[in-house]
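Structure, as C-alpha cells:
Just so it is clear, none of the values below were taken in a lab; they were calculated from the coordinates. Note that the structure is a prediction, hence the values are computed from the model and not measured. In this analysis, Cβ positions are derived from the backbone assuming ideal geometry, glycine residues included, and neighbour counts consider all displayed protein chains.
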Amino acid sequence: MSGQLNPEDALYVDMFIAKNSQTMTFIRSSYSAILGLAAGILGLTNWSGFVFYFVGSAFLSTLVFLVKAKASPGTYFRSPFDVFTEGVLGGLLSYILFWTLLYGIIHVYD
C-alpha cells in the first residue's frame, strides 16, 4: 500500500490550500471590521447586531463562492464548505470589537 497514491491527494497542494485559507481569513476579518463599524453607526443592539453579522457574513461567503471561486470552491479548498466557515468565529470577535467601539462613541448620550 505504500507505493499507491490516493487520487484526491494529487489534486491539492498544501501550500496553496493554506494560502487560500489565510486569504479567506483576512478577507473575512476585514469585512467583519467594516460590518462592525456599520452596526455601531446604525445603533444596532442585542440580537439584531448578531443577525446583522451573520447575514453580512453569508453575503460575503456567497460573493466569494460565486465570483472568486466561480461556483467551484472544491478547486481552491479541501472542502467546499470552507468558503462559508473559514474564519467566521475569528471575524465575529473583530465584529464585536468594532461594533461596541463605534456604538459607544456615537450613541454615548442616547
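Here the label points at LYS70 and ILE34, each 7 Å from Cα along the C-beta direction, are separated by 2.4 nm in the simple model. Estimated at 0.36 nm per residue, the fully extended path between VAL55 and ASP110 surpasses their Cα-Cα distance by 17.2 nm.
For the modelled label position 7 Å from the Cα of ASN46 along Cα-to-Cβ, which residues of region 79-110 have backbone nitrogen atoms closer than 20 Å? So the set is 96, 99-101, 103-104, 107-110.
Each Lys and Arg Cβ is given +1 and each Asp and Glu Cβ -1; about its Cα centre, the chain then shows a dipole of about 200 debye.
By the Cα gyration tensor, the chain has an equivalent ellipsoid whose semi-axes, rounded to whole angstrom, run 37, 12, 10 from largest to smallest.
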